[in-house]
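Novice: Here it is, the structure in full.
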Amino acid sequence: MLVGTDGKILGILFKNESSKKYWTYSFNFNTKVITKGLENVILDYSGDCSDIDLDEIGNIYYSGFAANGVNKVGVSIYKKGIDGQTTRIGADDFLKFGTIIKLKALMGKVYFALNGKKTGFDKYQLSVLKQQ
């Protein structure tokens with residue numbers, strides 16, 4: 001669940017674990033109205049380890065395989081909009097080393113924390129990146 005920046009709208013996400021399909025809703029505290037976002041959708045190009053979040057109106061942001069699912073080694077960030085369309089957020093196959101620990105959609109931007117050990121170095125790195 002995610003509460004909007006003004007605290008008046010709540011985004012709600014449901015996942016069917018066996019079918020891996022998602023439903024999203026938003027609840028407006030002022031009007032007391034629940035609005036359907038996505039219904040019975042699969043997250044294109046995602047895998048079992050994809051990290052997901054949603055915004056207050058029900059769009060889902062998630063990590064997935066790069067090149068629209070073709071590159072199983074690379075990582076890209078995607079948005080499944082309430083219109084049902086899947087779009088890439090930012091650069092394709094941007095992650096050259098490391099693993100996404102947590103992805104968050106906040107105030108219209110996507111943030112994520114990643115950790116990793118770059119080849120040839122003996123230290124681990126923790127980074128927090130923000131969408132431009």
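Novice: So for region 26-42 (the condition being open to solvent by less than 60 Å² (accessible area, probe 1.4 Å), touching a residue at least 24 places away in the same chain (Cβ under 8 Å) and hydroxyl-bearing (Ser, Thr, Tyr)), does at least one residue qualify?
Specialist: yes
Novice: Considering only residues that are open to solvent by 60 Å² or more (accessible area, probe 1.4 Å) and not acidic (Asp, Glu), which ones fall in region 43-60?
Specialist: Residues satisfying the conditions are 45, 49, 57.
Novice: Next question, about the same structure. Have a look at 82, 101 and point out the one that is part of a loop (DSSP other than H, G, I, E, B), in contact (Cβ under 8 Å) with a residue 40 or more places away in the chain and surrounded by 13 or more Cβ atoms within 10 Å (Cβ to Cβ). Give the derivation first.
Specialist: Numbers: 101 fails: part of a loop (DSSP other than H, G, I, E, B).
Going through 82, 101 in turn, just one is part of a loop (DSSP other than H, G, I, E, B), in contact (Cβ under 8 Å) with a residue 40 or more places away in the chain and surrounded by 13 or more Cβ atoms within 10 Å (Cβ to Cβ): 82.
Novice: If I ask for residues that are farther than 17 Å from residue 104 by Cβ and surrounded by 18 or more Cβ atoms within 10 Å (Cβ to Cβ), which ones from region 61-79 would you list? Please lay out each step first, then the result.
Specialist: Filtering region 61-79 for residues farther than 17 Å from residue 104 by Cβ gives 65-74.
Matches in region 61-79: 65, 66.
Novice: Here's another thing I want to ask about it. Give 114, 126 a once-over and let me know the one that is assigned to a strand (DSSP E or B) and loosely packed, with under 14 Cβ neighbours inside 10 Å. If you could, list the steps in order and put the result at the bottom.
Specialist: On the way: 114 fails: loosely packed, with under 14 Cβ neighbours inside 10 Å.
Checking each option against the conditions leaves just 126.
The values are calculated or read from the model by the stated rules, or taken from the named source; none is laboratory data. This is a predicted model, so every value here is computed, not measured. All Cβ positions, even for glycine, are placed from backbone atoms using ideal geometry, and neighbour counts span all protein chains on display. Just so you know, the surface numbers come from the protein's heavy atoms only, side chains and all, with ligands and any DNA or RNA stripped out. Shrake-Rupley method; radii C 1.70, N 1.55, O 1.52, S 1.80 Å.
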